[in-house]
Structure formats: structure tokens, C-alpha cells
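The values are calculated or read from the model by the stated rules, or taken from the named source; none is laboratory data. This one's a predicted model, so the numbers in the text were calculated from it and none came from an experiment. Using ideal geometry, Cβ is built from the backbone for each residue, glycine included, and neighbour counts are taken over all protein chains shown. For accessibility, only protein heavy atoms count, side chains too; no ligands or nucleic acids. Shrake-Rupley method; radii C 1.70, N 1.55, O 1.52, S 1.80 Å.
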Amino acid sequence: FGGIDVLVNNAGISYIGLLQDMSSQDWERMLCTNLTSVFNCCKLAIPYMLQQKQGKIINISSVWGVVGASCETAYSATKGGINAFTRALAKELAPSRIRVNAIACGVIDTDMNRCLSEEDLEALRREIPADRLGTPREVAALALQLTQSPGYLTGQVITLDGGFI
């Protein structure tokens with residue numbers, strides 16, 4: 001359509017297990033899916049936003065990118081990379097009226113978490129002060145709010161986790 005107003009980078013896969021047991025291929029796949037995809041999509045969208053002299057980029061991250069998670073080292077590293085990428089790119093693009101923010105999600109009820117047992121999900125739920133998992137609809141609502149937020153809001157990693165961290 002000749003322009004891009006909003007880019008939402010929302011790709012993610014995880015690897016649950018010890019880093020020492022992770023193959024180099026699994027590491028590369030995680031980096032490509034979780035972090036390189038953000039680079040590629042931003043690189044393609046930014047020229048359109050620069051031409052329009054405005055735009056919004058929203059990167060979906062994770063609380064594990066803020067605090068790290070045992071047995072999810074690679075996932076934590078990629079999501080932490082997204083957080084740093086968000087902050088740095090926001091500084092780079094702010095003079096061009098392009099805002100860049102991230103949503104660091106807690107445990108969200110998505111297909112990615114379907115690999116967890118009922119007992120594991122219940123244990124996670126008990127650790128969340130809100131006493132439940134988040135919903136994809138809540139993440140989408142926050143992303144929509146970010147598109148309508150004040151122009152001065154950029155470079156932020158906003159945690160959506162029910163009080164988990």
C-alpha cells in the first residue's frame with residue numbers, strides 16, 4: 001500500500017533444557033527466529049517510515065529477556081537482545097518521529113506454552129500474583145495502546161506479566 005504505519009515483531013520459539021545439551025543448530029534457529037527476524041523486518045520497514053516521517057515499531061519480548069530463566073538460556077538471550085535492540089533503535093529513530101517500544105510478556109496462554117505439563121502450568125500460575133496466565137488479547141490490547149500513546153513514549157520495555165517479576 002506504499003507505506004507502513006506500524007510494525008509488530010511477534011515471532012518466537014523456545015528451547016527448554018540445559019544449554020550444554022543444546023545443539024548449535026538449535027541455537028542458530030532460535031537466534032534467527034527470535035532476533036534476526038526483528039532485524040530483518042525493521043530493516044525493511046524503516047525506509048517507508050522515514051519517507052513518511054513517522055512510524056511505530058513494537059517488539060514482542062519476554063520477561064525472561066529482563067531477568068533470565070534457568071533452562072531457557074538461549075530464549076532469555078534472544079529476548080534480552082530484543083530489549084537492547086529496542087532501546088538502541090529508539091534512540092536512532094527518535095529524531096525521525098519513529099517510536100520503538102517493546103512488550104516484555106510474562107506467561108501468556110499461547111501454543112508455545114502448550115508443551116508444558118498441566119502441573120508446570122499450575123506451578124507457574126501460583127507464582128503469578130494475578131493468579132492466572134495472560135491472554136493474547138491482553139498483549140494485543142497493549143500493542144494497540146502503544147500505537148495510540150504519546151509521541152514522547154519511545155525506547156521502553158513495558159512488562160505485561162501479572163506482577164510476576
R0 of 45 Å, Cβ-Cβ distance R87-F1: FRET efficiency to nearest 0.05: 0.95
Inter-centroid distance (Cα atoms) of segment 78-126 relative to segment 127-146, Å: 11
Nearest 10 degrees, 0 to 90: helix 118-127 Cα axis against the chain principal axis: 60
Charge dipole of segment 16-165 about the Cα centre (unit charges at C-beta), most positive-ward option of Q25, I60, L93: L93
Total charge dipole magnitude, segment 1-87, about the Cα centre, Cβ charges on Lys, Arg, Asp, Glu only, Debye to nearest 20: 420
Rounded percent of accessible protein surface that carbon and sulfur make up, the chain, 1.4 Å probe: 55
Residues with amide H under 5 Å from that of V157, placed H, sequence gap 5 or more: A102
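Shape of segment 1-61 from its Cα gyration tensor (a ≥ b ≥ c, root eigenvalues): rounded if a/c is under 1.5, otherwise prolate when a/b > b/c, or oblate?
Judged from the Cα gyration tensor, segment 1-61 comes out prolate (a/c at least 1.5, a/b above b/c).
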With Cα atoms, 0 to 90° folded angle of helix 73-93 axis to the chain main axis: 20
Ratio of the Cα radius of gyration of segment 42-126 to 2.2 N^0.38 Å, where N counts its residues: 1.36
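Placing unit charges on C-beta atoms (Lys and Arg positive, Asp and Glu negative, everything else neutral), compute the dipole magnitude of segment 23-165 about its Cα centre in debye, rounded to 20.
Computed charge dipole of segment 23-165: roughly 980 debye.
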Residues with amide H under 5 Å from that of A69, placed H, sequence gap 5 or more: S76
Average Cα contact separation per residue, the chain, under 8 Å, 6 or more apart, as relative contact order %: 25
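How much accessible area per residue does segment 13-131 have, counting only protein heavy atoms and a probe of 1.4 Å, in square angstrom?
I get 54 Å² per residue for segment 13-131.
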